[in-house]
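Right, one structure below, let's go through it.
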């Protein structure tokens with residue numbers, strides 16, 4: 001019962017996913033096999049997934065534990081820069097979004113340099129203009 | 001002669017100036033992106049897929065195919081020069097990198113290029129003769145048979161991509177469940193939409209692909225903080241005649257193995273290269289040298305890689321079932337363009353089908369004349385530090401997601417899948433089966449419901465039909481074999497505990513496929 005064992009946590013995750021999808025599927029008509037409703041197939045698949053989850057947990061007892069290592073810093077920075085990009089593009093314009101994306105996401109890098117970030121931003125803005133005018137994508141640049 | 005006639009028809013369509021341009025563009029961009037660390041064919045295709053939306057159908061498919069094999073060649077280049085493995089180039093890391101250490105980089109790259117060309121050519125012959133014939137078989141498939149074929153696909157893909165049946169199968173099932181999100185076609189009920197209007201049409205494939213393969217990979221590379229040393233060695237491309245002669249037999253062997261393994265469900269480049277490498281180890285005249293950096297170790301696997309990449313189009317185009325995740329993405333691209341791949345495709349869109357087949361060969365020529373000589377310039381991509389690259393990759397992910405529906409909201413979905421993809425990565429769950437499950441999920445449900453309707457709710461239909469009974473039998477054997485292997489290991493180990501021999505470490509991809517290598521070797525010898 002080690003929450004730091006990757007194989008064990010994986011089994012728990014699978015069971016959780018199966019329970020969520022399987023539980024919700026009871027809200028839809030199940031019908032019968034010959035005339036199945038919208039809920040039946042998801043229920044079947046989630047039951048199968050639940051069994052796989054149980055097997056994974058059982059298996060983790062017989063296999064050497066693998067430590068679970070993760071760092072939340074980088075994924076948070078990247079997600080924040082994506083959300084910021086989308087929000088800024090929606091309410092201001094995409095050029096500002098690109099600048100934010102570059103300056104925010106590079107926080108996750110090994111080194112940080114303002115001059116380099118300005119250069120990357122300029123390059124990406126140029127690419128965005130090329131997308132808009134050469135490839136015909138409708139980007140809300142300004 | 002029919003085949004020749006059809007091929008000529010195809011070349012007529014592929015050899016327009018516009019299509020040639022798309023083919024060259026696809027190959028070049030694919031190679032460039034494929035070279036980058038962490039970006040295999042799957043991420044490359046999902047990154048570049050949106051670029052093809054504004055291009056006419058024929059050109060778009062030709063360009064996508066070009067991107068696919070361009071990315072594969074790029075993968076093997078980075079494997080040979082810097083030992084960066086991707087899903088499609090794990091084997092190239094063994095002998096290819098050894099050759100680099102010996103100072104024979106140019107020879108290795110040339111061998112890979114020429115062998116890919118040979119493999120591709122053989123595969124196209126197979127493709128143009130087999131696909132129409134297999135299309136006839138496709139008409140024999142009933143709903144139950146389709147179900148069984150898809151299930152077999154899940155089993156095989158799980159097996160090949162993660163080396164562990166349980167893990168891969170779980171991911172495929174998660175994918176199937178994600179595919180359920182949206183409006184049910186039969187009853188109109190909205191399922192798992194959480195009352196969010198943009199989920200009524202289901203989750204976007206590109207959001208999942210870019211989240212799991214683009215963003216999650218970027219974060220993984222950032223976590224690893226590994227600094228790449230760019231390749232600075234000299235490249236001398238032209239081989240001597242004896243060296244050239246050594247390429248041919250291995251490449252031919254690899255082509256045949258690759259062509260066969262590419263057609264099987266769950267097959268494709270990954271399994272083909274391992275099998276070809278194993279075959280060369282047994283059959284080659286220079287087998288004692290393999291592993292120390294010899295031509296055969298590169299030629300066989302490169303040819304098999306390329307051949308399997310081509311022939312894996314056969315099940316997609318003849319039966320309408322993609323057999324691996326890359327083909328699932330291809331299928332999505334076909335559907336976006338309003339073409340339903342399947343037995344009818346060759347009949348209704350002969351220009352597209354034969355045009356695509358012909359363009360594959362043209363793409364091969366492009367790879368040979370453009371990419372092989374220019375490879376030293378491609379390698380300068382690595383002089384760009386990752387700190388500059390990853391904001392650009394993120395930006396492409398955003399633009400790719402946005403341009404499908406011109407909706408900024410989709411970027412949030414991509415971000416959510418970036419997070420989920422990162423979790424999966426850290427839990428050592430392979431995302432490729434998930435993608436396949438996601439695409440096949442709705443088809444599986446549709447066919448399952450139809451089969452059940454026809455058989456009045458009796459499962460015997462799966463056993464009574466010869467096609468589905470055979471396919472299910474294969475699944476049974478696979479499952480039984482895996483369980484037996486596990487139990488035998490358990491009994492043999494003294495403390496009844498299985499010790500992981502570096503198996504499946506998320507940080508380094510190489511050890512996990514090593515088990516796949518063993519299993520695929522067993523598969524190959526079993527045939």
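Using only helices, what value at 222 nm comes out for chain B when you add -39,500 (n - 2.57) per DSSP H run of length 4 or more and divide by the total residues, to the nearest 500 deg cm²/dmol? Let's see the in-between values first.
Working: 24 runs with 369 residues, N = 527.
Computed mean residue ellipticity for chain B: -23000 deg cm²/dmol.
Mind checking the alpha-carbon convex hull of region B:256-348 and giving the volume per residue in Å³?
Enclosed volume per residue, from the Cα hull, is 89 Å³.
Kindly express, to the nearest 10 degrees and within the range 0 to 90, the angle between helix A:114-134's C-alpha long axis and the longest C-alpha principal axis of chain A.
80
Set the Förster distance to 30 Å, then compute FRET efficiency between residue A:127 and residue B:195 from the Cβ-Cβ distance, nearest 0.05.
Step by step, r from the Cβ atoms, then E = 0.20.
If you take each beta carbon of peptide B:164-173 and count the beta carbons of other chains within 10 angstrom, what is the mean?
Mean shielding by partner chains, rounded to a whole number: 5.
Mind sorting B:253, B:456 by how few other Cβ atoms lie within 10 Å of their own Cβ, fewest first?
Numbers: B:253 20, B:456 11.
Fewest-to-most ranking of B:253, B:456: B:456, B:253.
If the convex hull of the alpha-carbon atoms of region B:43-148 is projected onto planes in all directions, what is the mean projected area in square nanometres? Could the numbers behind the result be given before it?
Values: hull surface 37.5 nm².
Computing the convex hull of the Cα atoms and averaging its projections yields 9.4 nm².
Average projected area of the Cα convex hull of chain A, in nm²?
Directional mean of the projected Cα hull area for chain A stands at 14.6 nm².
Treating each Cα of region A:72-134 as an identical point scatterer and ignoring solvent, apply the Debye formula and state log10 I(q)/I(0) at q = 0.19, 0.21 Å⁻¹.
-0.72, -0.84
Sorted from largest down, what three extents in whole angstroms do the Cα atoms of the protein assembly as shown have along their principal axes?
68, 61, 61
Please arrange A:12, B:49 by counting, for each residue, the other beta carbons lying within 10 Å of its beta carbon, fewest first.
Going from sparsest to densest Cβ surroundings: A:12, B:49.
Work out Dmax and Rg for region B:125-194 from the C-alpha atoms and quote the Rg first, both in angstrom.
Using the Cα atoms of region B:125-194, the pair Rg, Dmax is 16.4, 49 Å.
Nearest 10 degrees, 0 to 90: what angle lies between the long axis of helix A:72-91 and the longest principal axis of chain A (Cα atoms)?
60
Could you work out how far helix A:6-25 tilts from the main Cα principal axis of chain A, as a 0 to 90 degree angle to the nearest 10?
That works out to roughly 80 degrees.
Starting from the Kirkwood Rh over alpha-carbon pairs, what translational D in µm² s⁻¹ does region B:1-80 have by Stokes-Einstein at 4 °C and 1.567 mPa s?
This corresponds to a translational diffusion coefficient of 100 µm²/s.
Listing B:121, B:414 from the residue with the fewest other Cβ atoms within 10 Å to the one with the most, what is the order?
Values: B:121 20, B:414 28.
Lowest to highest Cβ neighbour count: B:121, B:414.
What's the percent breakdown of Cα-Cα distances in region B:386-502 across 5 Å bins, shortest bin first?
Percent of Cα pairs in each bin: 2, 8, 8, 11, 14, 12, 9, 11, 13, 8, 3, 1, 0.
To the nearest whole number, what is the average tally of beta carbon atoms from other chains within 10 Å of the beta carbons of peptide A:61-74?
For peptide A:61-74, the averaged partner shielding equals 5.
For chain B, just say rounded, prolate or oblate: build the C-alpha gyration tensor, square-root its eigenvalues into a ≥ b ≥ c, call rounded for a/c under 1.5, and beyond that prolate if a/b exceeds b/c, oblate if not.
rounded
In Å and on Cα atoms, what radius of gyration and Dmax does region B:46-103 show?
Rg, Dmax (Cα atoms, Å): 14.9, 47.
Please compute the modelled spin-label separation between residue A:135 and residue B:8, points set 7 Å along Cα→Cβ, answer in nm with one decimal.
Between residue B:8 and residue A:135, the label points sit 3.9 nm apart.
With the cut-off at 12 Å, report for region A:6-62 the share of all Cα pairs above it, as a whole percent.
Percentage above 12 Å: 62.
Above 13 Å lies some portion of the pair distances; for region B:336-398, what is it as a whole percent of all C-alpha pairs? Can you show the working numbers first?
Values: 1488 of 1953 pairs.
That fraction is 76 percent.
Give me a single rounded figure for B:442-452: the average over its residues of other chain Cβ atoms within 10 Å of their Cβ.
Values: counts 1, 0, 2, 7, 1, 0, 6, 9, 0, 0, 8.
If you average over the peptide's residues, the count of other-chain Cβ atoms is 3.
Every number in this text was worked out from the coordinates using simple rules, so none of it is lab data. Bear in mind that the values here come from a model prediction, so they are computed numbers and not experimental data. Ideal geometry is used to build each Cβ from the backbone, glycine not excepted, and the neighbour counts take in all protein chains shown.
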